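These notes are about the structure you will find just below.
Nothing in this text is a laboratory measurement; each read-out follows from the coordinates by a stated rule. What you see is a predicted model, and the numbers here were worked out from it, not measured in a lab. Heads up, the Cβs are rebuilt from the backbone with ideal geometry, glycines too, and the neighbour counts pull from every protein chain shown.
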Amino acid sequence: MRMSRILLLLPTATYRAADFMAAAKSLGVEVVVGSEHPQAMAAMMGDTSVVVPIDDLEAAVEAICALHSRSRLDAVLAVDDRGIVAASEASERLGLPHNPPEAVRATRDKAVMRALLAAASIPQPAFVPVKAGVDPTVAAAEVGYPCVVKPVSLSASQGVIRAEDLSGLAAALKRVRALVGSDETLLVEGFVPGDEVAVEGILVAGALQILAVFDKPDPLDGPYFEETIYVTPSRHPAQVLAAIERLVADAAAAIGLREGPLHAEVRIGAAGDVRILEVAARSIGGLCSRALRFGAGISLEELILRHAIGAGIGGLSREKGASGVMMLPIRSEGVLRSVSGLAEARRIEGVTGLEITIPIGRRVVPLPEGDRYLGFVFARGERPAQVEASLRAAEATLEVVIGS
């Protein structure tokens, strides 16, 4: 029987390569690594490594199709935002399972996504796209204060800034344009107070299967929106979780997503009302997926690969107990000089892993301009409160030195 063969689009800067490769090995799936630069031993790797210019859509699709013509692929899978449009376009051309390209493109442009959600009457923040040179008072009058400025093309809270008044809005717009380019359309959204959760799911023929709902116990009220702790299962009431599941399913349908991983962000109001903030046609970012296990120890990456090759994911529910991750924040800009206390943090009860993902000597930049976390701490326990306590205790042992 022929081994399934998957092209994984792995940008060189991604955190996800090792976990996806381990999942493929566990499944016995043949992997072709596609990245924007040649692998170190590419000449010896044949068609198990291929250069895919991920940021040049047409060239990327042509490279994928040429690979398929030499050696048939069963699936094309992007591990993060940068490759998802190329993966869907190539899969459509090759007749492989995929999300519709127009739906995937909508998730990469928040203004387009907001318009699709609005057309389907999906609850979401009030929003106004603001083009370069447009007076921001128009947007302010429509959404009110406080409001939030967002770039349409970035993720992980990069470039997201809360404004309290007109002068703050003008300053936020200027700051975000300096990050993404002066001509890009930005979004101004009404700030939605309340708790925030992250939803991890997978779509199978348009039907959404919720894999996990993560609470974010640290308030995300701005002025910047750096995420820290994720803990699952959620501690919100069953009726709120049911409303979240319906909302995310309806949002995915409104955008047109039908196959593969989905990551969404939802705000919960004081009355239990829910509004969609984001929908992405990919799985959770960074190393956060290590907080999840399904069935008898199956990783999220393995579950995604199983779906991609049509192996089925029925019955693979999240393991019992609670788990979580803390994305270690970058507190100031400068050069990372040292991180101490790692051994003590790893000895905290409940902590299952800790990784510093930025090398010593590397320059670090906090949000809203930054796009990396210092590292990740993982914990497990019987209850969410125990996991949260373990993560906070682990962070408290770390001493991070950032110098000039």
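Assuming a ≥ b ≥ c are the square roots of the Cα gyration tensor eigenvalues, decide whether the chain counts as rounded (a/c under 1.5), prolate (otherwise, with a/b larger than b/c) or oblate.
rounded
Under the rule of -39500 (n - 2.57) per DSSP H run of 4 or more residues, summed and divided by the residues of the chain, what mean residue ellipticity at 222 nm is obtained, to the nearest 500 deg cm²/dmol? Each step should come with its number before you reach the end.
Numbers: 12 runs with 128 residues, N = 404.
It comes out at -9500 deg cm²/dmol, rounded to the nearest 500.
May I ask you to sort C288, C147 by Cβ crowding, counting other Cβ atoms within 10 Å and putting the fewest first?
C288, C147
Take peptides 70-77, 295-302 and line them up by average Cβ neighbours within 10 Å, highest first, as a rough protection proxy.
70-77, 295-302
What helices does the chain hold that run 18 Å or longer along their axis, going by alpha-carbon atoms, with a Kyte-Doolittle average of 0.5 or more, using DSSP H for the helix calls?
Details: long enough: 57-70 (20 Å, 0.75); 81-94 (20 Å, -0.26); 166-180 (21 Å, 1.11); 238-255 (26 Å, 1.36); 384-397 (20 Å, -0.08).
Span-like helices in the chain: 57-70, 166-180, 238-255.
Can you order the peptides 4-10, 139-145, 360-366 by their average number of other Cβ atoms within 10 Å per residue, highest first?
With the highest mean Cβ count within 10 Å placed first, the list reads 4-10, 139-145, 360-366.
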